[in-house]
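For reference, the structure is listed below as structure tokens.
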Amino acid sequence: MELTKQEELAIELLKKAARHWPDSLWILAADSRLYVMRKDKNGKKAIVGRGNGFDPDFILESINVEADGGDW
């Protein structure tokens, strides 16, 4: 598949971000957005209750990049 220059740049920037990504953060794809999340004090993804979902108190930023968290 042939990419446009803009698509190539976007992919390269995402790869660059991954090289510098700290272990204390992770990305959640939900609500058709990307959320930058902080891990809890144990270095785990913060869960609310008995595995009912991720704790929104750990959201650091919402990024308007179309995303889907579903499996293939």
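Taken over segment 1-60, the residue count meeting the criterion of being touching a residue at least 12 places away in the same chain (Cβ under 8 Å) and in a strand (DSSP E or B) is 14.
Select, from Lys5, Lys41, Lys45, Lys16, the only residue that is over 18 Å from Ala67 (Cα atoms) and surrounded by 13 or more Cβ atoms within 10 Å (Cβ to Cβ). Can you show your working first?
Details: Lys5 fails: surrounded by 13 or more Cβ atoms within 10 Å (Cβ to Cβ); Lys41 fails: surrounded by 13 or more Cβ atoms within 10 Å (Cβ to Cβ); Lys16 fails: surrounded by 13 or more Cβ atoms within 10 Å (Cβ to Cβ).
The unique qualifying residue is Lys45.
Look at (1) surrounded by 10 or more Cβ atoms within 10 Å (Cβ to Cβ); (2) not in a loop (DSSP other than H, G, I, E, B) and you find that Gly69 fails only one, number (2).
Anything in segment 22-38 that is surrounded by fewer than 12 Cβ atoms within 10 Å (Cβ to Cβ) and more than 23 Å from Ala10 (Cα to Cα)? List them, or say none.
Result: Ser24, single match.
Of all residues in segment 19-38, those satisfying the criterion of being closer than 19 Å to Asp68 by Cα and of a type outside the set (A, V, I, L, M) are Trp26, Asp31, Ser32, Arg33, Tyr35.
With the structure loaded, tell me whether Ile59 is in contact with a Phe, Trp or Tyr (Cβ under 9 Å, 6 or more places away or on another chain), among the hydrophobic types (A, V, I, L, M, F, W, C), at pLDDT 95 or above and surrounded by 10 or more Cβ atoms within 10 Å (Cβ to Cβ) or whether it fails that test. Even if it seems obvious, please write down each step before you answer.
On the way: in contact with a Phe, Trp or Tyr (Cβ under 9 Å, 6 or more places away or on another chain): yes; among the hydrophobic types (A, V, I, L, M, F, W, C): yes; at pLDDT 95 or above: yes; surrounded by 10 or more Cβ atoms within 10 Å (Cβ to Cβ): yes.
Criteria met by Ile59.
The values are calculated or read from the model by the stated rules, or taken from the named source; none is laboratory data. Since this is a predicted model, take the numbers as computed values, not measurements. Positions of Cβ are backbone-derived with ideal geometry, glycine not excepted, and every protein chain shown enters the neighbour counts.
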